[in-house]
2 protein chains.
Amino acid sequence: MEAPLVDVPEGGVTTPRGFLAGAASARIRDDYPPGRLDLALLRSERPCAAAGVYTTNRLQGPPLRVTQRHLADGRAQAVIANSGIANALTGADGLRDAEEMARLAAEKLGVAVEDVAVASTGVTGWPLPMDRIRAALPGIELSRDGGASFARAVMTTDTVPKQAAVRFTWDGVEYAVGGAAKGSGMIHPDMATMLAFITTDAPIPHDTLSSLLIDVTDESFNMITIDGDTSPEDMVLLLANGAAAPDAAPFDAAHPALGLVRAAIARVSVSLARQLARDGEGAGKLLEVRVDGADSVEDARRVAKAVVGSLLVKTAVHGNDPNWGRVVVAAGYSGAELVEDRLSLSIQDVEVYRSGVPVPFDAAALSRALAQEEVRMRLDLGLGDGSATGWGCDLTEDYVRINAEYTT
Amino acid sequence: MEAPLVDVPEGGVTTPRGFLAGAASARIRDDYPPGRLDLALLRSERPCAAAGVYTTNRLQGPPLRVTQRHLADGRAQAVIANSGIANALTGADGLRDAEEMARLAAEKLGVAVEDVAVASTGVTGWPLPMDRIRAALPGIELSRDGGASFARAVMTTDTVPKQAAVRFTWDGVEYAVGGAAKGSGMIHPDMATMLAFITTDAPIPHDTLSSLLIDVTDESFNMITIDGDTSPEDMVLLLANGAAAPDAAPFDAAHPALGLVRAAIARVSVSLARQLARDGEGAGKLLEVRVDGADSVEDARRVAKAVVGSLLVKTAVHGNDPNWGRVVVAAGYSGAELVEDRLSLSIQDVEVYRSGVPVPFDAAALSRALAQEEVRMRLDLGLGDGSATGWGCDLTEDYVRINAEYTT
């Protein structure tokens, strides 16, 4: 992991070689303004090794079921995605519509229907306007710089598109990893109305790709929370087409380049995760919580998730309120092993609690320090070596307003 | 359970015979207006059988630790409680203060210090102003109609005091059960910054009292949620002094009156739980979710709690938005066994989803029906005999405002 990862400004899913993307305005919802992109395609020139991580919600939406079936052989070549309507809780009609979306994409792109992944995000319980999707699809033009349009077309209440990409060199060949994501409300550890698409031109075989994606997701997308809800639609897809070095030996579990490619995928995933947290519905701030000294990594993750998920912490962050007790209390109900007189806490690098005793601090100064776009907290449990970082956002009046008015 | 339970209007902890209460304004916080009650005492003329249910937060506050120690023998005679400052996360000084509160109450009331329960609620991490408590305590006058003052003195951001009482007759003797509670933010299944005190003049032995309290709490206080946070301070105390029939045989597990007294305690507990949910921070509405047809009672409780706890459901209720998909999605991540095509949902008695298929409904009419102070949802899982009811409230801009500004 010594070789450097180089961030690619404005990079995304089409930064890696051999990936093309494009989008159209299908008017998925009547209240979408003309021209709003809401239907997206991604295609690899070559078949890809493919892996997915899917929502833990018991009610998986039809698009997710179709995608899992198509990716069961570890292979995919294209993605069709829409925003506005999630096509979830739609019964047998919904499944038929998701299957038709895959078929329409396969026909348009000249790939096998079993190699198409389908993703939908938006309001649940409404039928997709399939006539509009049929009408809009032929007009989509795919290109090597279509990644930005793809990222834009999957947005729902997101205020900005989310993209990231990095490059690295191995054995004289330049490789890339790119990604796009959509988030906003209903994002939670273990997936949620979150979609993320990650592409790479490195040659990674499917089984390696699959375990790598699970690991990286656990330390990136599964460490963010917006409101604790999870949706039937959410998934992270990772596609590797090997286009950067068609004749190179596959980067399998024993390959010396695997650490580097893993770091690249993790960098893109953490960047997207932070962008998702930062743009949580109504959010004004990114909250980053680092936990050290836990009995285990699992315990550290429990504490970080509990703190970034606590409504009382989130409202305090919103109000620039140095009410640190709420942070410690959230650690207390996280389920992690805790000993009160070993616990310490800093907020914006100001120590407020040390070994179970409150530390006097300048509340006005800390309140001013909280009035920044990024709030950092660090908890030391004083028990072991477990560490983790979680990301979330503040809870604002705007969150309530957005979600009280979403469908009507 | 045929004999009727009679609600006692304005009744509370001093409705049962032999209980006296009173309160004072100690100025626990500098920002409390003069005259605001914040220090309360409850005393039984006779020693009581006593049982408690305590927070599951790993960080139990000093008052809770003192109370558990004092109630370990199943006996208590008095309660001292304050609002404004929780005396939690206060280290060794906090424990010393909680012990002094018990001692001060014991001296004032002439009972053994081991028979005093201590409760504190409010902001964490601040020291209690013990000099003010010492100064205010002697002025408290206990009386048979002091229950209302007691209920008022434990309020924090509550907008109204919570009390309930019922009477019933058994074998020619009239018995009563009364209660007071404080809630508002940070209320969650498994306790939270919630305090509830229940009294009865029925003669119930400690072991019976204890299992009865656990059962009743599971179907009342543990079925409400405001924001998912739990606090280090919260507890439900049940005191039985037997004063209604000093010579009657104890109502033990085999006694024929036990079903009736259990029903009376449950009625008071559910009434207090509903009052707590209705007065959640910033809440405008009570949300009641009934779940039937679950595989088990535990599964029914999981679903009810997930729905009343979902921020997306809570904001939709606030916005009169018939976005029923959010309700079904919350059931989906509750962890309960579910089969999509068996699920049905009604909102305000309007069926919106039947056996996994959306049912067309008049959205404008349902939105008007949602603009009431009580919103009822009914989910049928279609799997078994498990039923449960959960209570919560809508999430409003005011919740955010209250919690962003609480300490500063």
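The values are calculated or read from the model by the stated rules, or taken from the named source; none is laboratory data. Please read all numbers here as calculations on a predicted model, not as lab measurements. Neighbour counts run over all protein chains shown; Cβ positions are idealised from the backbone, glycine included. Calculation scope for accessible area: heavy atoms of the full protein, side chains included, ligands and nucleic acids excluded. Shrake-Rupley method; radii C 1.70, N 1.55, O 1.52, S 1.80 Å.
Can you give the relative contact order of chain A as a percent, counting alpha carbon pairs under 8 Å and 6+ residues apart?
That works out to 17 percent.
Please compute, for peptide A:85-91, the average count of beta-carbon atoms on other protein chains lying within 10 Å of each residue's beta-carbon.
Per residue, the number of nearby Cβ atoms from other chains is 5 on average.
At B:Arg368, with labels set 7 Å past Cα in the Cβ direction, how many nm apart are the copies from this one, shortest first?
Nearest first, the other copies' label points are 5.5 nm away.
Taking a label point 7 Å out from Cα toward Cβ, give me the nm distances from B:Asp73 to the same spot in the other copies, shortest first, one decimal.
Nearest to farthest, the other copies are at 7.7 nm.
Kindly point out which whole DSSP H helices in chain B project their C-alpha atoms 27 angstrom or further along the helix axis while averaging a Kyte-Doolittle hydropathy of -0.5 or above.
Answer set is B:91-109, B:258-278.
Dipole magnitude of the protein assembly as shown about its Cα centre, charges +1 at Lys/Arg Cβ and -1 at Asp/Glu Cβ only, in debye to the nearest 20?
Here the size comes out at about 820 debye.
Would you list B:Ser231, A:Ser211, B:Ser143 from the most to the least accessible area, probe 1.4 Å?
Sorted descending by solvent-accessible area, the residues read A:Ser211, B:Ser143, B:Ser231.
Which order do A:Asp295, B:Asp97, B:Asp385 take when ranked by solvent-accessible area (1.4 Å probe, heavy atoms of all protein chains), largest first?
The residues order as B:Asp385, A:Asp295, B:Asp97, largest area first.
Put a point 7 Å out from Cα along the line to Cβ at A:Asp252; what are the distances to that point in the other copies, in nm, shortest first?
Computed spacing set for this position: 7.2 nm.
Charges only on Cβ, +1 for Lys and Arg, -1 for Asp and Glu: so what's the dipole of segment B:342-408 about the Cα centre, in debye to the nearest 20?
260
What percentage of the solvent-accessible surface of segment B:159-308, computed with a 1.4 Å probe over protein heavy atoms, is contributed by carbon and sulfur atoms?
Taking all protein chains in place, segment B:159-308 shows 49 percent carbon and sulfur surface.
Do the sum for chain A: with -39,500 (n - 2.57) for every DSSP H run of n ≥ 4, divided by all residues, what is the mean residue ellipticity at 222 nm, to the nearest 500 deg cm²/dmol?
Calculated at 222 nm, the ellipticity per residue is -9000 deg cm²/dmol.
Just read off the accessible area of B:Tyr175 with the full protein assembly in place, 1.4 Å probe, to the nearest 10 Å².
About 10 Å², ignoring ligands and nucleic acids.
On the accessible surface of segment A:1-95, probed at 1.4 Å, how many percent belong to carbon and sulfur atoms?
51
Any idea what the relative contact order of segment A:253-313 is, in percent, if you count C-alpha pairs under 8 Å spaced at least 6 apart?
After rounding, I find 19 percent.
Total Å² of accessible surface buried at the A-B contact, 1.4 Å probe, nearest 100?
Looking at A and B, the buried total is near 4400 Å².
How about segment B:304-408: which GluC sites (Glu not before Pro) there lie in a loop by DSSP and see at most 11 other Cβ atoms within 10 Å?
Sites meeting the loop and neighbour criteria: B:Glu373.
In a Gaussian network model over chain B where Cα atoms closer than 10 Å are linked, find which of B:Gly11, B:Gly179, B:Gly139 has the largest mean-square fluctuation.
Per the Cα network of chain B with a 10 Å cutoff, B:Gly139 tops the list.
Please report the relative contact order for segment A:17-142, taking Cα pairs under 8 Å with a sequence separation of at least 6, and give it as a percent rounded to a whole number.
32
Within 10 Å of each Cβ of A:50-57, how many other protein chain Cβ atoms are there on average?
Mean partner shielding for this stretch: 2.
Write down the radius of gyration of chain A and its Dmax, each obtained from C-alpha positions, in Å.
21.6, 67
Just how far, in whole angstrom, is segment A:310-328 from segment A:194-217 if you go by their alpha carbon centroids?
35
Need one value for A:307-315: mean number of C-beta atoms belonging to other chains within 10 Å of its residues' C-beta atoms.
5
Let me know the shape class of segment B:1-102, please: from the alpha-carbon gyration tensor, a ≥ b ≥ c as square roots of the eigenvalues, rounded when a/c is under 1.5, otherwise prolate if a/b is greater than b/c, or oblate.
Oblate shape, in that a/c is at least 1.5 and b/c is the bigger or equal ratio.
About its Cα centre, what dipole magnitude does chain B give when the only charges are +1 on Lys and Arg Cβ and -1 on Asp and Glu Cβ, stated in debye to the nearest 20?
Computed about the Cα centre, the dipole is about 720 debye.
May I ask which residue of chain A has the beta-carbon nearest to the axis carrying chain A onto chain B, and at what distance in whole Å?
A:Glu397, 2
Counting only heavy atoms of the protein chains, get the accessible area per residue of chain B (1.4 Å probe) and round it to a whole Å² value.
Per-residue accessible area for chain B comes out at 34 Å².
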